[in-house]
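Structure first, then comments.
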Amino acid sequence: MLDQNNFIKKLSVVKDDLVIEWDDEKQSRLYSHWLRDHCQMPKSRNANNGQRLFSVISIPQNTSIEKVKQDERGDVHIQFMPENYWSIFSQEWLLRNCYNLNSHYDDRSEKNKKLWQKTSFSNGLPRVKFINFQKSDNAKLEILRSVRDVGFCIIKDASTKEGLVQSVIAELGFTRETNYGKLFEVRTEVNPNNLAYTNMGLGSHTDNPYREPVPTVQLLHCLESSTKGGDSVLLDGFNAAKILREENFENFENLTNNWINFRFSDEKTDLRSRVPMIEVNDNNEVIKVRYNNRSIDTINLPAEKIRPFYLAYQHWGEVIEREELKVTFQLQPGEIIIFDNTRVMHARTAFSDKGKRHLQGAYTDLDGLYSLLNILENRNND
Ligand code: NM2
Ligand code: OGA
Ligand code: ZN
């Protein structure tokens, strides 16, 4: 157990590291330049907004720790040379921030998600009532946590009022306007610029891979649904990527290393991107998937890479259509689905000419949603 008041057992300096021995026998070694750079004093950080006031280049190359001591409150005082500068760190700060005890933080990575498949939602899909969403921060928190953890949430029992999707976005973040507008109508059109605007089935895809940066969140609001078919399908792209990696690591790596071109064009628009189908972070954890077979442009890779690429690409195309990974349901009038377009793939089954199916869609971004999530979570922790 850590002593509430003093949980540092011993402090010493070894070469250019501060060595902290914690009460629980763990040890941290913190590099002098890192400590100087993370100085929390008013000289180094604006006292009101906490922003850093200096550049890393102002830290002398020969920075070293001359002295270290702990005061009666437990705060750690460090004297840096050649600046002859004293900085004070609280124990809490050192414990919460030291880089060998805390794992890196990445709110986009597969590592921090709950991966799922068809059978994962035995208690039903995550659903929150629209009226609660409007009234309470806790309901917003539930939606945002669900988007963070499983990648989606359904807002139920809303009206079928046109434009509602925009008011939902306004509560959570900011609209991401595209060539499709602030809001787009998903229904059968004559001579459509996109196959989404037909009654055809659509395979598992993420939206707008031909755009970089990609819109990271999509919302679809059902206004009318009286056709046969037109079921909604969701699939966890991070889980699919994990399965690909487990089944054939070379194929997985191939899709992270070989970037491809996506393209969308109509009379007024010509969008192009060169991006990987599976994107990983610096720790090789999946952070984004992109796939839309309608919009993959000419694949241009060095000749010797084409065959292994097609092995990987066809494997991936097959994994993301596996029934056991898909959640299928009918989006009802008055339901809005919100999902992480960097993770969750969506699809729909074909629908009949008879009857009507009308969804309104819009894009927003994860940064705004995660920002609100952090604010609401901080408030809960206070
Ligand atoms: N719509 C629905 O990304 C895509 O091209 C899928 C997007 C047209 C905005 C459809
Ligand atoms: C889309 C889309 C799904 C649907 O508009 O991007 O994939 O259910 N629509 O119509
Ligand atoms: Zn789509």
- Taking interchain pairs and intrachain pairs at least six residues apart, which have beta carbon atoms under 7 angstrom, with the first residue in region 261-273 and of a type in the set (Asp, Glu) and the second open to solvent by 40 Å² or more (accessible area, probe 1.4 Å)? Asp266/Asn193
- Item | Residues located in region 273-299, provided they are within 16 Å of ligand 2 (Cβ to nearest atom), outside any strand (DSSP E or B) and in contact with a Lys or Arg (Cβ under 8 Å, 6 or more places away or on another chain) | Ser295
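Out of region 178-192, which residues are away from ligand 2 (no atom under 16 Å from the Cβ) and either closer than 22 Å to Arg127 by Cβ or of a type outside the set (A, V, I, L, M) (or both)? Steps first, please.
Pass one, region 178-192, residues away from ligand 2 (no atom under 16 Å from the Cβ): 190-191.
The one that is away from ligand 2 (no atom under 16 Å from the Cβ) and either closer than 22 Å to Arg127 by Cβ or of a type outside the set (A, V, I, L, M) (or both): Asn191.
Considering Glu162, Glu171, which residue is touching a residue at least 60 places away in the same chain (Cβ under 8 Å) and open to solvent by 10 Å² or more (accessible area, probe 1.4 Å)?
On the way: Glu171 fails: touching a residue at least 60 places away in the same chain (Cβ under 8 Å).
After ruling out the rest, the residue left standing is Glu162.
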- Selection from region 179-190 of residues assigned to a loop (DSSP other than H, G, I, E, B) and either within 22 Å of Arg272 (Cα to Cα) or within 11 Å of ligand 1 (Cβ to nearest atom) (or both) yields Asn179, Tyr180, Lys182, Leu183, Arg187, Glu189
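When the residues of region 331-350 are filtered to those that are in a loop (DSSP other than H, G, I, E, B) and more than 10 Å from ligand 2 (Cβ to nearest atom), which remaining residue is surrounded by the fewest Cβ atoms within 10 Å (Cβ to Cβ)? Working first, answer last.
Taking region 331-350 and keeping what is in a loop (DSSP other than H, G, I, E, B), we get 331-335, 341-343, 349-350.
Filter again for more than 10 Å from ligand 2 (Cβ to nearest atom), leaving 332-335, 342-343, 350.
On the way: Gln332: 12, Pro333: 15, Gly334: 17, Glu335: 22, Thr342: 23, Arg343: 28, Ala350: 14.
Here the answer is Gln332.
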- Since Ala312 meets every condition but one in (1) away from ligand 2 (no atom under 16 Å from the Cβ); (2) in contact with a helix residue (DSSP H, G or I) (Cβ under 7 Å, 6 or more places away or on another chain); (3) closer than 26 Å to His221 by Cβ, which condition does it not meet? (3)
- Is one or more of the residues making up region 363-373 open to solvent by less than 20 Å² (accessible area, probe 1.4 Å), out of contact with any helix residue (DSSP H, G or I) (no Cβ under 6 Å at 6 or more places or on another chain), within 16 Å of ligand 3 (Cβ to nearest atom) and of a type outside the set (A, V, I, L, M)? yes
- Screening Arg176, Arg148 for residues that are modelled with pLDDT of 95 or more and away from ligand 1 (no atom under 13 Å from the Cβ) leaves only Arg148
- Query: Between residues in region 295-306 that are among the acidic types (Asp, Glu) and residues that are open to solvent by 60 Å² or more (accessible area, probe 1.4 Å), which pairs lie under 8 Å by C-beta distance while being six or more apart or on different chains?
  - Reply: Asp297/Arg263; Asp297/Arg272
- Note on the structure: Reported set for region 233-275 where residues are among the polar types (S, T, N, Q), surrounded by fewer than 18 Cβ atoms within 10 Å (Cβ to Cβ) and farther than 27 Å from Gln117 by Cα is Asn261, Ser265, Thr269
- Message: Here are the criteria: (1) modelled with pLDDT of 95 or more; (2) open to solvent by 10 Å² or more (accessible area, probe 1.4 Å); (3) more than 16 Å from ligand 3 (Cβ to nearest atom). Tell me which single one Val319 does not satisfy.
- Response: (2)
- Query: in the same structural domain as Leu325 (by TED's automatic domain parsing), over 28 Å from Leu172 (Cα atoms) and open to solvent by less than 10 Å² (accessible area, probe 1.4 Å): does that describe Ile306?
  - Reply: no
- Note on the structure: Counting only residues in region 186-223 that are free of Cβ contacts under 8 Å to residues at least 24 places away in the same chain and over 26 Å from Ile260 (Cα atoms), the one surrounded by the most Cβ atoms within 10 Å (Cβ to Cβ) is identified as Thr198
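The values are calculated or read from the model by the stated rules, or taken from the named source; none is laboratory data. These numbers were taken from a predicted model, which means no experiment stands behind them. Neighbour counts run over all protein chains shown; Cβ positions are idealised from the backbone, glycine included. For the accessible areas, the whole protein counts, side chains as well, though only heavy atoms, and no ligand, DNA or RNA atoms are used. Shrake-Rupley method; radii C 1.70, N 1.55, O 1.52, S 1.80 Å.
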